[in-house]
Number of protein chains: 4
Amino acid sequence: MPPENRSTQPGTMATNCYGKSRVRLTKIVRQGDNHDIKELNINIQVQGEFDRAFLSGDNSQIIATDSMKNTVYVLAAKNEFNSIEKFARILAEHFIKAYKHVSGVTIEIEEDLWQRVVVDGKAHPHAFFGAGGEKRWCQVTTDRKHATVSSGIRDLRVVKTTASEFWGFIRDEYTTLPEVRDRVFGTTISSTWVFHEADPDFNLCYQKIRFAILETFATHYSLSVQQTLYEAGPTALDRCASVQSISLSMPNQHRIPFNLEPFKLENTNQIFVTTDEPFGLISATISRK
Amino acid sequence: MPPENRSTQPGTMATNCYGKSRVRLTKIVRQGDNHDIKELNINIQVQGEFDRAFLSGDNSQIIATDSMKNTVYVLAAKNEFNSIEKFARILAEHFIKAYKHVSGVTIEIEEDLWQRVVVDGKAHPHAFFGAGGEKRWCQVTTDRKHATVSSGIRDLRVVKTTASEFWGFIRDEYTTLPEVRDRVFGTTISSTWVFHEADPDFNLCYQKIRFAILETFATHYSLSVQQTLYEAGPTALDRCASVQSISLSMPNQHRIPFNLEPFKLENTNQIFVTTDEPFGLISATISRK
Amino acid sequence: MPPENRSTQPGTMATNCYGKSRVRLTKIVRQGDNHDIKELNINIQVQGEFDRAFLSGDNSQIIATDSMKNTVYVLAAKNEFNSIEKFARILAEHFIKAYKHVSGVTIEIEEDLWQRVVVDGKAHPHAFFGAGGEKRWCQVTTDRKHATVSSGIRDLRVVKTTASEFWGFIRDEYTTLPEVRDRVFGTTISSTWVFHEADPDFNLCYQKIRFAILETFATHYSLSVQQTLYEAGPTALDRCASVQSISLSMPNQHRIPFNLEPFKLENTNQIFVTTDEPFGLISATISRK
Amino acid sequence: MPPENRSTQPGTMATNCYGKSRVRLTKIVRQGDNHDIKELNINIQVQGEFDRAFLSGDNSQIIATDSMKNTVYVLAAKNEFNSIEKFARILAEHFIKAYKHVSGVTIEIEEDLWQRVVVDGKAHPHAFFGAGGEKRWCQVTTDRKHATVSSGIRDLRVVKTTASEFWGFIRDEYTTLPEVRDRVFGTTISSTWVFHEADPDFNLCYQKIRFAILETFATHYSLSVQQTLYEAGPTALDRCASVQSISLSMPNQHRIPFNLEPFKLENTNQIFVTTDEPFGLISATISRK
């Protein structure tokens, strides 16, 4: 170790935090022959009196991130929970209670979803297949007084092949996009909602809001991504009274009609170039009135 | 342009090919109000008399890869097809017929799968959501005499939480793995099958083989990944007479029991570390006798 | 179009924004035989009076995101700029000036970096190879009164093989990590700095801060990731007077000593398992005093 | 365990193999204060008498893939090697010698490359930064009689801004691409070469061939990707007598001139849309005469 480790440079700490990311947990709950599987990816960040570690390498206040990782597995073993929100709350409360110098904790959990394999018309008790790219997500942030729970959906890929228009937008010297009365509308929805109730039914809310979004996407006659996105917000609030506000984000993943004219064919709204980039990105937060 | 473009170095052409990759097509078939969507990612490779381009920059035999891309969209517009295999065949035959100096063509198509959104208990006519990470795949290779069609599944993620053992393997100085009588078995299956019939029902075969694999995975009592993988092969051949052979590949994506002993807890086969790497990789090809 | 597009649900718009993401531009500046290449990835987001589009599908205030994309290429053609920060400023100012109902703009640019190929000891005038995974980044945010410029580095991968310790941290019932006096320290640095000068030399600042970070990483005797991260902050502020504050983020990408004891070998700090996850994640913002 | 595990289905094993993938090793060699770091990603596949595991779940011939992983770390500790090729050979020979029923082994190694940080004009003895996306690669395949060593480069990203033409290609009803006399040529080169010498200087060959490819790319006046790709082959063979043949693969990553006409501007070969897909894909193998 060198004789001197203290920084002698100008500058002052504005903010800092640290934690462990991508702690991956599989928990299996075995009730007789019937098994449930949870596959979670957990991020932890803490704030508090950690300045001595940053300023002088004194680690006496540092909870090793390896210990945080251990804590995830230990608390998963010790506790029953039926939603990622509840497990996030268990973790957040633990760090606040166990360490007096921790002033804030953020727990984020992403859940890979599994569906049961169906054999002979029956859901199999212990075999599962991947239920899509879609993920369930939550975040619990807490200081020593209040906790906030947000939940969400990530990567819900959808497309509709009609009932979507886009016209009447600003036409100026930078505009070349034609107006269109029947376009393909494809997006990958992310949504986050914030609860105002202390102990909502997280699983029921997830199901209701997920369906509100899917149903709105399917049935809303769209004049713009903006309009459909907004429409989903109040619909979700209407379906789930536990939620105070909802944010949605929709990349507009364009399907561009392929120009068949050089080949003496007409494109009857059938043949498209699928693109990922560039993409429009529309987002909004809708609050309960 | 420089006066001299001919290579003067030693060396002789052994093989060459070229083509266009990742041509992305969305095709929508509209039958009244009911729409179907196909999202395909197409790769084309051709072989033939292209040496002059490689050796001296004479492009007179070169079909521009941009023209190949155009061809995909034009033939998608001109033709009806109900499976990726049929469209791959249309493309392969086109290149062989249209260009005399092409001796071989390989078309590969990967299909992103969509499910209909269900609203009020009914499948929606034009709104879809992503049916998972799983993709359907095919390859048609043809020379001027024969064509071969292979089909497959890519990225079918599965896990079973019991009915899997692994013991009795070689124990030597490099072995530390304990024997285990009840382990989690997770994998992401890829499978490719080769047809011996000229005109099979590609969609039916896909459904039958996909289910044969899923069902075997769910119901087979596994003594090793090798055994379960092999078991799926003959089961698939049994279900689909059009197929001559089937290959399967299974990465063994380990869930490692978390050691709870330092925390004075017992891990009752519940708490696992989910890992992606390293992974075992097991593969085999099973042929009809 | 349906007779009624107005949402009748409860809920009120809290915030919204939209724009175009991943607009990819290659700009080549040709000065005689000597060429420069810039490869940029541009994100645009605008805020303003867009509620009518969200609430009722009235697009009369909407700048199509396709027009935003066009604007990037048109302004890149019309303007000379020698840094991504200057181009971001040109774009931000354009949207504010051209559209009265736009109240805020955020432009983000990420630059892929190229190095000249060296032939016969000389930098080639027009041939380049990829200068690593590292990217240069900037963000300009502006409302109708003030603009803020931030710059940064993304994905600067580094490792040091000694001069790093980690001990003296909290040992409690969740702790199993041994103390270590000589460990491998690997991370992928991201850093963002905010300017307080109106017209700094962005390129010089980038070079100086990048080197301050690399040099600190190399020469600082580390008692924790926290300490090394903090040390880099004031060093960077010291080197570049134009900057008001700097944020750094360092994932601790662990190299775990492989346990050679079962094989009757000693691991003399030579043989490690390289891991990506889980990883520690440490971040801080350091401000000029 | 169930009473009966034997497959009763029709079908016969055609081929099988298995092994461990993505074994990630960091090896640090410390010579006094000067350290070297190797970061390797290793894949192992073995073939041999493993049918009993596949057919009946009898694992008595199975080397657990976990033991293969251990073997990588143990042999890395026991042996000195100055190239990935030599370590791959050590591993391949080990599996052939240690297990009589193994008939074939394939070892593949990919190396992440590091550069020393330069401080005060001197290469630092123990601090490194990422030397780009480019990776070094090798493969050793061996049966009980012969071994073959291939080496290569992966992901060498290059671009040239002039001295590239493309014209004179087939123009037919599928062609819309204009002929171009000055285009941007960008690609990500992969190359694999096969040795015919028993004990070549692998590191020297890598440096010479890598430079032959880069130099050819920079200095060759290109009439097509095909021609430049071919030109690199004999040049590499000329520079490195130990090599029997070389394969190259070049995706043509198009930069498409942005159409500025609608904006009443001329695109003087300056402003391009950077694209990843679709891409041309050109490959060839060149052998020593």
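Key figures
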read-out: Dipole magnitude of segment C:150-259 about its Cα centre (Cβ charges: Lys, Arg +1; Asp, Glu -1), debye to nearest 20; value: 340 debye
read-out: Segment A:14-74 versus segment C:211-289: alpha-carbon centroid distance in Å; value: 19 Å
read-out: Listed residue (A:Tyr73, A:Val158, A:Thr141) projecting farthest to the positive dipole end of chain A, Cβ model; value: A:Tyr73
read-out: Exposure rank, largest accessible area first [B:Phe54, D:Phe279; 1.4 Å]; value: D:Phe279, B:Phe54
read-out: Within straight-line cross-link reach of D:Lys208, aspartates and glutamates at Cα separation under 18 Å, skipping those fewer than 8 residues along the same chain; value: C:Asp120, D:Glu85, D:Glu111, D:Glu134, D:Asp155, D:Glu197, D:Asp199, D:Glu231, D:Asp238
read-out: Three-way shape call for segment B:31-184 based on the alpha-carbon gyration tensor, with the a/c threshold at 1.5; value: oblate
read-out: Å² of accessible area per residue within the protein assembly as shown, as computed with a 1.4 Å probe and no ligands counted; value: 39 Å²
read-out: Qualifying aspartates and glutamates (Cα of each under 12 Å from Cα of D:Lys122; at least 8 residues distant if same chain); value: C:Glu215
read-out: Entries of A:Lys38/C:Lys20; A:Lys145/C:Lys145; C:Lys20/D:Lys264; B:Lys27/B:Lys97 with Cα pairs more than 30 Å apart; value: A:Lys38/C:Lys20; A:Lys145/C:Lys145
read-out: Accessible area buried at the C-D interface, both sides summed, 1.4 Å probe (Å², nearest 100); value: 5200 Å²
read-out: Computed magnitude of the charge dipole of chain A (debye, nearest 20; Cβ of K, R +1, Cβ of D, E -1); value: 700 debye
read-out: Other protein chain Cβ atoms within 10 Å, averaged over every residue that makes up B:160-172; value: 6
read-out: Ellipsoid semi-axes in whole angstrom, largest first, where each is sqrt(5λ) of the Cα gyration tensor of segment D:114-172; value: 35, 30, 8
read-out: Shielding score for C:119-129, defined as the mean number of other chain Cβ atoms within 10 Å; value: 5
read-out: Percent carbon-and-sulfur accessible area, segment C:26-117, ignoring ligands, DNA and RNA, probe 1.4 Å; value: 41 percent
read-out: Of C:Asp36, C:Asp172, C:Asp66, the one that fluctuates the most in a GNM where chain C has Cα springs shorter than 10 Å; value: C:Asp172
read-out: Integer Hz, Karplus 6.51/-1.76/1.60 couplings in order for segment A:34-49, x for Gly and Pro; value: 8, 10, 10, 10, 10, 10, 10, 10, 10, 10, 10, 9, 10, 10, x, 7
read-out: Diffusion constant of the protein assembly as shown at 4 °C, which comes from Stokes-Einstein with the Kirkwood Cα-pair radius and 1.567 mPa s, µm²/s; value: 40 µm²/s
read-out: Average beta carbon contacts from partner chains per residue of C:26-37, 10 Å cutoff; value: 4
read-out: Peptide ranges C:173-186, C:129-142 listed from the most packed, as the mean C-beta count within 10 angstrom indicates; value: C:129-142, C:173-186
read-out: Relative contact order (percent, whole number), chain C, Cα cutoff 8 Å, 6+ residue spacing; value: 12 percent
read-out: ³J(HN,Hα), Karplus 6.51/-1.76/1.60, whole Hz, each residue of segment B:278-289, x for Gly, Pro; value: x, 10, x, 9, 10, 8, 7, 10, 10, 10, 5, 4
read-out: Of C:Val225, C:Asn59, C:Ser247, farthest towards positive along the dipole that unit charges on Lys, Arg, Asp, Glu beta carbons give chain C; value: C:Asn59
read-out: Loop GluC sites (Glu not before Pro), segment D:41-132 (other Cβ atoms within 10 Å of the site Cβ: 13 or fewer; DSSP); value: D:Glu49, D:Glu80
read-out: Shortest-first distances to equivalent copies, position A:Asn34, nm, label 7 Å out along Cβ; value: 3.5, 6.8, 7.5
read-out: Rg in Å to one decimal, and Dmax rounded to a whole Å, for segment A:151-204 via C-alpha atoms; value: 18.0, 54
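The values are calculated or read from the model by the stated rules, or taken from the named source; none is laboratory data. As the structure is a prediction and not an experimental result, all values here were calculated from the model. Every residue, glycine as well, gets a Cβ built from its backbone with ideal geometry; the counts of neighbours run over all protein chains shown. Protein only, heavy atoms only, side chains kept; ligands, DNA and RNA dropped before computing areas. Shrake-Rupley method; radii C 1.70, N 1.55, O 1.52, S 1.80 Å.
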